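Okay, so here's the structure we're looking at.
Where a number appears in this text, it was derived from the coordinates with a stated rule and is not lab data. Because the structure is a prediction, the values reported are computed rather than measured. Note: ideal-geometry Cβ built from the backbone for every residue, glycine included; neighbour counts use all protein chains shown.
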Number of protein chains: 2
Amino acid sequence: MNAEEFYARLKTHASSVEDELAILLKGSGSYGHLMDAMRYSALNGGKRMRPFLLMESAALFGVNYQASLQAAAALECVHCYSLVHDDLPAMDDDDMRRGKPTTHIAYDEATAILAGDGLLTFAFEILARETTHANASIRSDLVLQLAIAAGPSGMVGGQDRDLNAEHMNWGEAEICKMQAMKTGALIEFACQAGAILGGASEDEKLALVNFGKAIGQAFQLADDILDVTANAETMGKNTAKDGERGKGTLVGLYGVDQTREMAIDLVKQAQDSLLPFGNKADILNSAAHFVVERNH
Amino acid sequence: MNAEEFYARLKTHASSVEDELAILLKGSGSYGHLMDAMRYSALNGGKRMRPFLLMESAALFGVNYQASLQAAAALECVHCYSLVHDDLPAMDDDDMRRGKPTTHIAYDEATAILAGDGLLTFAFEILARETTHANASIRSDLVLQLAIAAGPSGMVGGQDRDLNAEHMNWGEAEICKMQAMKTGALIEFACQAGAILGGASEDEKLALVNFGKAIGQAFQLADDILDVTANAETMGKNTAKDGERGKGTLVGLYGVDQTREMAIDLVKQAQDSLLPFGNKADILNSAAHFVVERNH
């Protein structure tokens, strides 16, 4: 699969997820203020990398497209909520996101906090709906694993560590732990969720969890590299902020070249995890490759 | 059941919920910052009215005590998260809560936002755990109903309306709608959750939902009355803030005396909903009575 084919497929999924989110986040009733802010926060033309990984993992097991689309939309709600809260003045204080004013700039801080809360809560509503999956064990497992991935042992805990990491002179282990929680956990869930939806065996689940772990770390390293090499125009947000604040990244510890090598190793590791699936995993295989080759 | 007996029982449940939350929110690992803030936000000696209603509703159906305690703890995590976020400077800007500095004062704003996010996410983790209930349909239904109650059509949506209600000169219908979402939805869920855990019939569920609706509204009216009649010392927080800001309450529309009559009518309505349960519902019956008779 060449770059053109891969990006076309990524774009097709992104467009389906965008459409599904637009349907799910349709306002009802006359008072639409909060739902408008939630739509503004979620319908932003993002790459939808997490939904892509979920849907392609689910496709390995022939999962019904609508089921994986619902779960992918729920996952994206959690990702978007985390961006809205991370951008707040009390956190990373970012005014721009994907080339648009962040939610607290477009609305106000209170609305941004509530829109984030609303998206997080709504994600669990989507997963628990019978329309997502007829099997209650699968719904309940999706909720459990997403809550673990997004909660204090995962994403939220990682963001807390990140905020308190400034000037702490962390080593590789602490940086990797923080990143595995902050970014890795949700990417790992994306791959795991495909397996859960597909009623995969424990071995298959583990293979996809390992794939998610490795690709998640590679994704983060690529982000850290882009943060120092790309400019704001390409990224659609302010760059080189992490370095300015003295936050630890592996790029800061080892430089761009060595970090790029580590990322390439992780891609290899991710691809090895897919061996049990043979040719069926070609697309995920390509995803691992393009995650570190992207320029935004 | 007299006042002394009722308050003793409320206190016993509150103490069990406090203990359960302390176990559930036990920090693991060396980095405890976020979990500390979550514990600070949740272990605060609150009345635990919502857990009480959940556990007493569940008791109508002979639900296993540990199951109802877990669900009650999850519900209380959601209530506590909502207080932490509502107290933020961008929202109600409150420094004190139950006689203690609010979370953003005791820690900082970023930590308060994340502690709230963490408590909300963790609530869904608790509900989705097999240890809460062996039946996945029941777990999934609890998640669904809590997400609806706490989400944009419920609590979060109500808070958004409340923030934007200032100087809007709302009438009774708009005020009641906002309060039903902001406060009512979670109280209604408390009663509904007992029925879900107990595998109740649709009629029984409906009876408890109606009970929750009425008691939730009565609770809110009692709060609004206390807001103008009690002082900060009794309440452990700053009072009379709603009126100052020109927010609509029924007390503002109709005065204390008429609002008290409406609350008493709602108690009667709540108690009528319990008739199908006969004597078994004596405690919930008393709860409805004491909700409007409390002085804090």
Inset, instruction - Using θ = phi - 60° and the Karplus relation 6.51 cos²θ - 1.76 cosθ + 1.60, list the HN-Hα couplings for the stretch A:73-80 in order, rounded to whole Hz, with x at every Gly or Pro. - result: 5, 4, 4, 5, 4, 5, 4, 5
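If a/c stays under 1.5 just call it rounded; otherwise compare a/b with b/c (prolate if a/b is bigger, oblate if not). Do that for the stretch A:3-135, with a ≥ b ≥ c from the square roots of the Cα gyration tensor eigenvalues. Please report the intermediate quantities before stating the final value.
Numbers: a/c = 2.16, a/b = 1.42, b/c = 1.52.
The shape class here is oblate.
Eight or more residues apart or on different chains, and alpha-carbon atoms under 13 Å: count the Lys pairs in the stretch B:3-293 matching that.
Values: B:LYS11/B:LYS47; B:LYS100/B:LYS237; B:LYS177/B:LYS213; B:LYS182/B:LYS213; B:LYS205/B:LYS213; B:LYS213/B:LYS268.
Lysine pairs, 8 or more places apart or on different chains, close enough: 6.
If Lys and Arg each add +1 and Asp and Glu each add -1, what is the summed charge of the other residues whose beta carbon sits under 10 Å from the beta carbon of B:ALA73?
On the way: positive: B:ARG48; negative: B:GLU18, B:ASP19, B:GLU20, B:GLU76.
My count for the surroundings of B:ALA73 gives -3.
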Inset, instruction - Would you work out if the stretch A:119-213 is rounded, prolate or oblate? Take a ≥ b ≥ c from the square roots of the eigenvalues of the alpha-carbon gyration tensor; rounded if a/c is under 1.5, else prolate when a/b is larger than b/c, oblate otherwise. - result: oblate
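Count the net charge of all other residues whose Cβ sits under 12 Å from the Cβ of A:LEU21, scoring Lys and Arg as +1 and Asp and Glu as -1. Before the final figure, lay out the partial values.
Working: positive: A:LYS26, A:ARG39, A:ARG48; negative: A:GLU18, A:ASP19, A:GLU20, A:GLU76.
Net local charge, A:LEU21 excluded: -1.
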Legend entry - chymotrypsin sites (Phe, Trp or Tyr not before Pro) within the stretch B:87-161, DSSP loop, no more than 15 other Cβ atoms inside 10 Å: none
Legend entry - Pairwise label distance in nanometres, A:ILE23 with B:GLU174, each label 7 Å out on the Cα-Cβ vector: 3.4 nm
Legend entry - Inter-probe distance in nm under a simple model that places probes 7 Å from Cα toward Cβ, at A:ARG98 and B:ASP36: 3.6 nm
Inset, instruction - Distances from B:GLY27 to the same position in the other copies: list them in nm, one decimal, shortest first, using label points 7 Å from Cα along Cα→Cβ. - result: 4.3
Inset, instruction - Pick out, from B:GLN145, B:ALA270, B:MET155, the residue whose Cα sits farthest towards the positive end of the charge dipole of the stretch B:3-293, with +1 on the Cβ of Lys and Arg and -1 on the Cβ of Asp and Glu. - result: B:GLN145
Legend entry - Cα lying deepest toward the dipole's positive end in chain B, options B:ALA106, B:ASN64, B:ALA287, charges on Cβ: B:ASN64
Inset, instruction - Select from A:ALA110, A:ALA71, A:ALA195 the residue whose mean-square fluctuation is largest in a Gaussian network model of chain A (Cα-Cα springs shorter than 10 Å). - result: A:ALA110
Inset, instruction - Quick one: with label points 7 Å out along Cα→Cβ, list the inter-copy distances for A:SER137 in nm, shortest first? - result: 1.4
Inset, instruction - Name the residue, out of B:SER137, B:SER16, B:SER57, whose mean-square fluctuation peaks in a Gaussian network model built on chain B with Cα pairs under 10 Å. - result: B:SER137
Inset, instruction - Give a quick list of trypsin sites (Lys or Arg not before Pro) in the stretch A:5-114 that DSSP marks as loop, anything other than H, G, I, E or B, with at most 15 other Cβ atoms within 10 Å. - result: A:LYS26, A:LYS47, A:ARG98
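Treat every Asp and Glu Cβ in chain A as -1 and every Lys and Arg Cβ as +1, leave all other atoms uncharged, and give the resulting dipole magnitude about the Cα centre to the nearest 20 debye.
Numbers: 25 positive and 41 negative charges, 111 e Å.
Roughly 540 debye for chain A.
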Legend entry - For the stretch B:150-165, 3J(HN,Hα) per residue [Karplus equation, 6.51 cos²θ - 1.76 cosθ + 1.60, θ = phi - 60°, Hz, x = Gly/Pro]: 8, x, x, 8, x, 4, 5, x, x, 5, 4, 4, 4, 5, 9, 7
Legend entry - Hypothetical label at A:ASN164: residues of the stretch A:83-126 whose amide nitrogen lies under 16 Å (7 Å Cα-Cβ projection): A:91
Inset, instruction - Scan around B:TRP170 for amide H atoms under 5 Å from its own, H built in the peptide plane at 1.01 Å from N, and keep only partners 5 or more places away or cross-chain. - result: B:GLY248
Inset, instruction - For peptide B:107-115, compute the average count of partner chain beta-carbon atoms within 10 Å of each residue's beta-carbon. - result: 6
Inset, instruction - For n ≥ 4 DSSP H runs only, could you compute -39500 (n - 2.57) per run for the protein assembly as shown, divide by its residues and tell me the 222 nm figure to the nearest 500? - result: -22500 deg cm²/dmol
Inset, instruction - Quick one: net charge around A:GLY45, please, counting Lys, Arg +1 and Asp, Glu -1 for every other residue with C-beta under 10 Å from its C-beta. - result: +3
Inset, instruction - For peptide B:154-165, compute the average count of partner chain beta-carbon atoms within 10 Å of each residue's beta-carbon. - result: 5
Legend entry - Evaluated over chain A, the Cα radius of gyration and Dmax, each in Å: 18.2, 55
Legend entry - ³J(HN,Hα) computed for each position of the stretch B:177-190 - Karplus, 6.51 cos²θ - 1.76 cosθ + 1.60, integer Hz, glycine/proline x: 4, 4, 5, 4, 6, 5, 10, x, 4, 6, 5, 4, 4, 3
Legend entry - A:GLN258 paired with B:ILE105, simple spin-label distance in nm, labels 7 Å along Cα-to-beta-carbon: 4.8 nm
Inset, instruction - Indicate the gyration tensor shape class of the protein assembly as shown (rounded, prolate or oblate), computed on the Cα atoms with a ≥ b ≥ c the square roots of the eigenvalues: a/c under 1.5 is rounded; otherwise a/b larger than b/c is prolate and the rest oblate. - result: prolate
Legend entry - Copies compared at A:GLU293 - label distances in nm, ascending, label defined 7 Å from Cα in the Cβ direction: 7.5
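Averaged over peptide A:130-137, how many Cβ atoms belonging to another chain are found within 10 Å of each residue's Cβ? Intermediate values should be presented prior to the final figure.
Details: counts 4, 0, 1, 1, 0, 3, 7, 6.
The mean count of partner-chain Cβ atoms within 10 Å per residue comes to 3.
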